[in-house]
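The values are calculated or read from the model by the stated rules, or taken from the named source; none is laboratory data. Treat the numbers as computed from the prediction; the structure is a model and nothing was measured. Positions of Cβ are generated from backbone atoms using ideal geometry, with glycine treated the same way; all protein chains shown enter the neighbour counts.
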Amino acid sequence: MISVDKLQDGNATVEESATAFIEDPLAFFDMSYTKMHSVPRDILQALQTEALKQRFHYCRDRIPMLTKLADRQDITELHAIDDVLPLLFEHTIYKSYPGFLLEKSEYDKLTRWLDRLTPYDLSGVDCSGCTTIHDWMDRIAAQTELDPITSSGTTGTMSFTPKDRKDWRTFILGGFRIQLLQTFGQPPSEEDLNGKLHVCWPTHSNGHTAFYRSPMYYKEYFAMGSDAHFHPMMESPGDTDLMYLAARLRAAQARGDSRVNVPDSLLARRSELEAEERERPARVKAWIDDLVDNLQGERVFIMAPAPLIYDVAKEALAEGRKCNFAPNSSVTAGTGGKNAKMPDDWEQVVDD
C-alpha cells in the first residue's frame with residue numbers, strides 16, 4: 001500500500017502517491033495527525049499539484065458545470081495549484097436552480113439540475129411520488145453514492161451541495177476525530193483510532209442540513225456506531241421542509257410581504273414550527289438532565305454553534321447543574337453564528 005512514508009523515502013512516485021492520496025487521503029497518512037502536518041512543503045505541494053491534475057482530468061468531462069467553465073476559458077489541463085482558481089464554483093452555483101421548481105415540488109427537474117454539479121450519474125433517481133424536499137434528499141441518498149446536504153436557507157433560498165459518503169468520511173474522521181483526539185508528535189494510539197466517545201448532539205439526530213446530517217457520521221466515527229454512546233437532544237430528524245418554510249417566512253417578513261411562495265401543503269404546517277419552538281425549553285432541560293445524570297466522568301464529544309452551546313450552558317448553570325466530563329473530552333463551539341453577537345464571557349460560561 002502506498003503511503004506518505006514511501007513517497008518521502010523515494011519508494012513511490014509522485015504520480016502513484018497522488019492516486020493513493022485521492023483514493024483515501026486518511027489511509028495515505030496512516031491515520032496520523034502528526035504525519036499529515038510533517039510533510040516538507042515542496043513534497044506536499046508536488047503531491048497536491050499532481051492530485052489536482054489527476055482529479056481535474058477525471059472530472060472535467062463528467063461534471064457538466066465544470067465542463068462549461070473549462071471550455072469557456074479553454075482550460076484542458078492544470079499545471080499548478082493556482083490554475084484551478086477560475087474553475088472553482090461560486091457558492092451561488094449550489095442555489096442556481098429556478099426557484100419555482102421547489103415551489104411546485106418538481107423534484108425530477110431539480111435532480112437534473114443537481115446532476116450538472118456532480119460526477120455521479122443521477123439520471124436513474126426515481127422521484128415519482130416525491131412531494132417534499134426531505135423525501136427528495138432521502139431518495140438521492142438511497143439510490144446513489146451521494147449524501148447531499150442543504151443550507152439552512154437563511155436568505156430564503158436553499159443551497160444543495162452534492163457531497164458523497166467519501167467526502168463525509170474524510171470530513172468527520174479526518175477533520176474532527178484525527179485532528180481533535182490525537183496529539184501532535186505522537187503516533188495514534190488504539191484509543192485515538194477506535195475508542196468510543198459519547199456523542200452529545202444539541203439538536204435533531206439526523207436531517208439534511210450539514211448540521212443535522214453530520215451527527216449520524218459522528219455517531220459512526222466517534223461513538224463507533226453505538227446507540228448507547230449517542231445522545232441527541234431530539235431523536236427525530238430535523239425536517240428540511242419546515243426549515244425551508246421558516247426561511248421563506250423570514251424572507252417575506254424582511255421584505256414586508258405577506259406572500260410566501262411555498263406549496264400550500266407546506267404552508268399548512270406552520271403550526272408545527274410554533275409547536276417545536278414551544279417544546280424547546282423542555283427538550284433542552286431533558287437533554288441537560290441526561291448529560292448531568294448519566295455522563296459524569298465519561299469522555300464526550302460535543303460540537304455546536306457557539307450561540308446554541310452558550311444558551312444550553314447558561315440554562316444549565318442557572319439551574320445549578322454542571323457536566324463534569326472526563327478531562328480528555330472534546331467540546332467544540334463554532335459555526336452557525338451568522339449575525340450572532342456573543343457576550344464577552346461566553347467561553348467561560350461554556351467552560352464552567
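Observations on the structure shown:
- Within the option set ALA275, ALA228, ALA254, being aliphatic (A, V, I, L, M), in contact with a strand residue (DSSP E or B) (Cβ under 9 Å, 6 or more places away or on another chain) and surrounded by fewer than 17 Cβ atoms within 10 Å (Cβ to Cβ) holds for one residue only, ALA228.
- Close pairs from region 249-275: first over 16 Å from GLY153 (Cβ atoms) and part of a helix (DSSP H, G or I), partner among the β-branched types (Val, Ile, Thr) and modelled with pLDDT of 75 or more, Cβ under 7 Å, at least 6 apart: none
- All of ALA275, ALA268, ALA318 fail the test of being among the aliphatic types (A, V, I, L, M), out of contact with any helix residue (DSSP H, G or I) (no Cβ under 6 Å at 6 or more places or on another chain) and under 18 Å from HIS204 (Cα atoms), apart from ALA275.
- Any hit, region 39-61, residues being in contact (Cβ under 8 Å) with a residue 12 or more places away in the chain, of a type in the set (Asp, Glu) and not assigned by TED's automatic domain parsing to the domain that holds ASP264: yes
- Scanning region 125-136 turns up at least one residue that is under 22 Å from LYS166 (Cα atoms) and of a type in the set (A, V, I, L, M).
- Qualifying position, being under 25 Å from the mean Cα position of the chain (by Cα), among the charged types (D, E, K, R) and outside any helix (DSSP H, G or I), among ASP108, ASP30, ASP74: ASP30
- Test: residue in region 253-269 that is closer than 30 Å to VAL349 by Cα and of a type in the set (Ser, Thr, Tyr): no
- Answer residue from region 198-222, given it is in contact with a Leu (Cβ under 8 Å, 6 or more places away or on another chain) and touching a residue at least 60 places away in the same chain (Cβ under 8 Å) and is farthest from THR132 (Cα to Cα) among those: HIS198
- Of all residue pairs spaced 6 or more apart or on separate chains, those with beta-carbon atoms under 6 Å, a first member in region 85-99 that is touching a residue at least 24 places away in the same chain (Cβ under 8 Å) and a second member that is surrounded by 14 or more Cβ atoms within 10 Å (Cβ to Cβ) and assigned to a loop (DSSP other than H, G, I, E, B) are TYR94/SER159; LYS95/THR157; LYS95/SER159.
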